[in-house]
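J.: The structure's right below; bear with me while I get my questions together.
The values are calculated or read from the model by the stated rules, or taken from the named source; none is laboratory data. On a predicted model such as this, the values are computed, not experimentally measured, just so you know. Counting neighbours? That spans all protein chains shown, and the Cβs are built from the backbone with ideal geometry, glycine included.
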Amino acid sequence: MQAELIDIRNHLAQHAPFDELPEEMLDRVVASIEIAYYRAGSDILEFGQRNNWLLYIRSGAVEIYRRSGELYNRITEGEIFGQFGLLMNKTVRFPARAIEDCLVYRIPDQVFQYLWERDETFADFVEVEDRSRLRSALSRREKSNELMTSRVTRLISRAPVSAPCTVRLQEAARIMTEQGVSALLLMDEEGERPRLKGIITDRDLRTRAVTEALPSETPVSEIMSAGLIVTKAQSFIFEAMLTMLHNNVHHLPVMDNDEVRGVIALADIVKYESQSSLYLVGNIYHQNDIKGLKKISLDVRDSFVRMVNEDANSHMIGSAMAGIGRSFTQRLLALGEEKLGPPPVPYCFMALGSMARDEQLVVTDQDNAMILDDSFVPEEHDAYFLALAKFVSDGLDACGYTYCTGDIMATNQKWRQPLKVWKTYFTNWIQEPSGEALLNSNIFFDLDGIYGENDFAEQLKTLVAEQAQGSQRFLALLARNALNRTPPLGFFRTFVMEEDGKHNKTFNLKRRGTAPLSDLIRVHALACGSRAQNSFERLKAIAETRLIPEDGVGNLRDALEFISIVRIRHQALAIEAGREPDNNVRPEDLSPFERSHLKDAFQVVSNAQKFLKFRYTAQVSRHV
Amino acid sequence: MSELGDTRKTHWPDELAQLEEQARDGRLQTFYQAGCVAPETAIAEAPLVALDFETTGLDPDKHSIVSIGLVPFTLAGIQLGMGRHWVVRPQLPLHQTSITIHGITHTDIDQAPDLNDVLNEVLEAMAGRIAVVHYRSIERKFFNVAMQWRLGEGIHFPLIDTMAIEAHLHPDRIPTRWQKLTGKKPVSIRLADSRQRYGLPHYAAHNALIDAIATAELLQAQVLHHFGPQTPVSDLWL
């Protein structure tokens with residue numbers, strides 16, 4: 001630095017975080033500064049713009065906004081801004097505007113990173129400051145994502161239209177036409193007050209009444225959808241969207257305790273958020289062949305990237321992607337049934353692994369199975385189910401859900417069995433466990449019925465929930481398996497440090513991060529008899545039983561969310577750059593912020609694995 | 001914008017080409033050869049260099065340059081790391097008064113090189129750029145006389161004068177006698193006072209480099225406030 005610049009250096013030296021910097025670092029900062037002048041009212045940083053500067057206000061005042069346009073902060077001489085974007089992905093998160101004429105010192109990202117890596121006080125300042133800002137930023141950012149923050153009641157535009165459930169088809173159709181609604185609520189009027197019994201939709205009328213040519217005198221109760229799916233008035237629109245995705249329904253009665261407040265339709269949400277993944281799902285149901293589905297599957301990645309850019313959290317993204325995968329499967333099954341005729345015996349098509357856990361991303365293979373009714377006779381019926389399974393599996397492969405390398409698919413006869421056989425499978429796994437068999441069947445402990453007789457899958461869930469918690473040996477072996485994959489010991493700017501001291505260039509965020517986490521969360525969840533499949537839901541169940549200390553649960557949740565979101569962002573960046581997304585990350589591709597927090601997250605995983613070992617495997621030696 | 005000073009507009013690319021032909025000193029030839037941007041170039045696109053001399057007095061024939069500060073910049077940004085500062089030995093006695101202003105002592109000057117020894121570096125930093133100064137009489141005249149004295153030929157170069165811009169913006173800055181009676185104060189177009197009008201900070205220290213930076217900042221502010229980034233450089237250069 002030129003001695004003549006002392007005036008500029010002195011100004012920086014009076015303000016945090018520069019006040020604590022050693023002289024030679026401060027000199028380096030001064031030498032790197034680029035000075036810019038902004039008139040009052042002009043934009044300094046615009047949302048989404050790339051930014052490679054840390055900005056320091058030499059004179060004037062600046063307002064920082066949330067992306068919704070709401071004022072977030074007002075800062076003045078000697079204060080910095082822009083560091084949040086530098087720590088994340090060099091993209092402006094908080095737009096900034098000069099509210100007075102401003103002289104701004106711009107410090108290049110390179111120097112910022114240099115200080116961040118070498119000076120702890122500096123790193124602490126920008127980061128701690130940022131962590132608190134990040135937290136408030138996250139909660140506020142969610143506010144701007146209205147799907148996540150608006151209640152479903154906001155979508156209700158009229159009082160519910162209902163009829164007694166004894167009404168005939170013709171009368172029901174007349175009411176719907178007259179009132180201009182696409183769904184009619186059916187009330188049980190026997191009791192003191194009418195109670196919601198079911199719902200009938202346009203689609204029910206078309207597909208069931210009309211195509212099956214039912215007489216107009218048929219009572220609606222005969223075609224009424226069984227198993228009423230509703231949402232609570234307190235639910236967020238996002239939750240209602242997930243309920244629709246999960247259950248493949250397009251209308252949801254909104255309940256305030258026992259009372260119906262109204263009905264929301266898929267179209268209401270799509271109107272609200274035309275870019276939502278529901279829109280894609282809606283399109284899936286309109287396709288009549290694999291070719292059409294394949295074409296739509298090209299939009300899945302766009303939908304994924306959009307959610308990432310809209311700052312959705314990993315739970316939301318995982319659920320939406322699983323919902324999309326589920327819809328493809330459901331549509332393929334319906335098309336398969338159209339082609340092959342109705343199934344000879346009832347069956348349930350079951351999703352396994354990440355789809356069942358609602359934790360699916362874009363790089364995923366298919367894991368599925370079929371539970372057949374116990375009246376199943378292989379010689380008579382299996383040809384049908386094999387053909388159906390093959391149709392679905394090929395279709396999924398065409399839509400980007402590649403075949404499962406471990407052959408865990410309904411096309412494999414072993415995984416296409418009657419309910420009673422499935423019950424034996426699970427009972428054997430739990431009561432007579434062997435390490436290796438369990439390793440291969442791990443994936444079956446994340447299961448979800450997605451088509452047909454979903455009750456079959458529920459029965460299996462019940463069996464698991466009841467038996468698993470009592471089998472110490474099962475839990476111990478499951479725990480031991482969960483320790484097979486460990487997080488990296490640490491990593492530096494350019495390499496990963498392994499436990500044996502080896503250096504690697506990359507690490508797999510799934511194998512080393514999210515998978516070990518969901519494995520160990522599964523063990524705890526089974527130990528406490530939970531029926532939940534999603535890792536975050538399982539953590540809630542674990543917290544309630546106090547199986548592990550409360551802050552332990554919180555740490556696991558944060559670690560899972562952080563590793564997942566880094567993984568998600570890594571894949572979204574690859575897609576945007578036109579590369580094939582994967583799970584392999586080079587430390588140098590991560591921002592210092594991500595590196596530092598990933599280290600913390602891996603530490604949480606490592607500690608949780610130690611606890612798991614102590615908690616379950618220790619008991620095995622005592623009990624077995 | 002002929003009001004900015006000279007009524008006769010110089011076509012600087014042509015002028016520099018002509019100067020190159022006339023020059024005898026190789027350093028000057030190289031400097032002129034670098035030329036400058038076309039007159040219609042937007043100010044936002046033009047490479048600029050803020051230049052400031054500290055001198056022993058105001059008369060180029062009696063006084064000398066003691067230090068030179070410069071910083072290349074554009075309308076979008078001033079890179080401090082590119083800033084340069086030289087103390088040079090004056091050929092004429094150092095006036096007692098100027099010492100206090102510049103903080104440059106006899107000891108500094110005794111060890112300083114002659115302008116001729118750093119000329120190459122100064123010209124290299126200025127080459128191809130339009131100089132920006134506050135009060136062109138100092139930099140233009142002192143540089144010219146110093147070259148005449150040393151090389152037997154002068155130097156001429158395009159420049160933008162931030163003080164001339166302020167003078168143009170405040171044509172009635174000197175109150176009439178009547179106005180003085182009614183309390184009107186004159187508008188100062190000195191560097192520090194001009195900067196204040198644009199909300200630019202006060203620099204405590206004074207040296208050629210800081211003043212060059214201060215001048216660069218002032219031009220950024222002037223252009224954004226009064227002219228706009230698309231203004232052709234020929235509207236501003238003199």
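Residue-wise test of (1) in a strand (DSSP E or B); (2) surrounded by fewer than 17 Cβ atoms within 10 Å (Cβ to Cβ); (3) at the interface with another protein chain (Cβ under 10 Å from one of its Cβ atoms); (4) not acidic (Asp, Glu).
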residue: A:Glu4; (1), (2), (3), (4): no, no, yes, no
residue: A:Ile8; (1), (2), (3), (4): no, no, yes, yes
residue: A:Leu12; (1), (2), (3), (4): no, no, no, yes
residue: A:Ala16; (1), (2), (3), (4): no, yes, no, yes
residue: A:Asp19; (1), (2), (3), (4): no, yes, no, no
residue: A:Glu24; (1), (2), (3), (4): no, yes, no, no
residue: A:Val30; (1), (2), (3), (4): no, no, yes, yes
residue: A:Tyr37; (1), (2), (3), (4): yes, no, yes, yes
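J.: All but one of (1) more than 26 Å from A:Ala525 (Cα to Cα); (2) assigned to a strand (DSSP E or B) hold for A:Ile371; which doesn't?
T.: Going through the list (1) more than 26 Å from A:Ala525 (Cα to Cα); (2) assigned to a strand (DSSP E or B), A:Ile371 breaks only (1).
J.: OK, next. Would you check which residues across the range B:66-87 are facing chain A (nearest Cβ under 7 Å) and touching a residue at least 24 places away in the same chain (Cβ under 8 Å) and list them? Outline the logic, then answer.
T.: Let us first name the residues in the range B:66-87 that are facing chain A (nearest Cβ under 7 Å), namely B:69, B:76-81, B:83, B:85.
Those that are facing chain A (nearest Cβ under 7 Å) and touching a residue at least 24 places away in the same chain (Cβ under 8 Å): B:Gly69, B:Ala76, B:Ile78, B:Leu80, B:Gly83, B:His85.
J.: Now, a different point. Taking the stated definitions as given, is B:Ile213 modelled with pLDDT of 95 or more and either outside any helix (DSSP H, G or I) or farther than 25 Å from A:Cys102 by Cα (or both)?
T.: Judged against the criteria, B:Ile213 is not a match.
J.: For the range A:86-99, check the following and say yes or no: at least one residue is over 25 Å from B:Gln196 (Cβ atoms), modelled with pLDDT of 90 or more and either part of a strand (DSSP E or B) or within 14 Å of chain B (Cβ to nearest Cβ) (or both).
T.: no
J.: Moving to a separate point now. Could you tell me whether A:Ile64 is more than 8 Å from every other protein chain (Cβ to nearest Cβ) and buried (at least 16 other Cβ atoms within 10 Å of the Cβ)? Explain how you work it out, then say what you get.
T.: Values: more than 8 Å from every other protein chain (Cβ to nearest Cβ): yes; buried (at least 16 other Cβ atoms within 10 Å of the Cβ): yes.
Against the criterion (more than 8 Å from every other protein chain (Cβ to nearest Cβ) and buried (at least 16 other Cβ atoms within 10 Å of the Cβ)), A:Ile64 qualifies.
J.: Tell me, which strands (runs of 3 or more DSSP E) wholly within the range A:192-270 include 1 or more residues that are surrounded by fewer than 19 Cβ atoms within 10 Å (Cβ to Cβ) and at positive phi?
T.: none
J.: Moving on. Looking at this structure, is A:Leu45 under 25 Å from B:Leu219 (Cβ atoms), more than 11 Å from chain B (Cβ to nearest Cβ) and not polar (S, T, N, Q)?
T.: Here the answer is yes, as A:Leu45 does meet what is asked.
J.: Here is a follow-up. Please determine, by comparing only the residues of the range B:180-201 that are surrounded by fewer than 18 Cβ atoms within 10 Å (Cβ to Cβ) and in a helix (DSSP H, G or I), which one is nearest to the other protein chains (Cβ to nearest Cβ). Before the answer, list the steps.
T.: So the first thing to find is which residues in the range B:180-201 are surrounded by fewer than 18 Cβ atoms within 10 Å (Cβ to Cβ), and the list is B:180-188, B:190, B:192-193, B:196, B:201.
After this cut, where a residue has to be in a helix (DSSP H, G or I) as well, the list is B:180-181, B:192-193, B:196.
Details: B:Lys180: 30, B:Leu181: 33, B:Ala192: 13, B:Asp193: 16, B:Gln196: 11 Å.
The residue in question is B:Gln196.
J.: State yes or no: is A:Lys599 out of contact with any helix residue (DSSP H, G or I) (no Cβ under 9 Å at 6 or more places or on another chain) and not in a loop (DSSP other than H, G, I, E, B)?
T.: Judged against the criteria, A:Lys599 is a match.
J.: Going through B:Ala204, B:Ala208, B:Ala221 one at a time, which residue ends up being under 18 Å from B:Phe53 (Cα atoms), within 9 Å of chain A (Cβ to nearest Cβ), of a type in the set (A, V, I, L, M) and buried (at least 18 other Cβ atoms within 10 Å of the Cβ)? Show your work before the answer.
T.: Working: B:Ala204 fails: buried (at least 18 other Cβ atoms within 10 Å of the Cβ); B:Ala221 fails: under 18 Å from B:Phe53 (Cα atoms).
Answer to the selection: B:Ala208.
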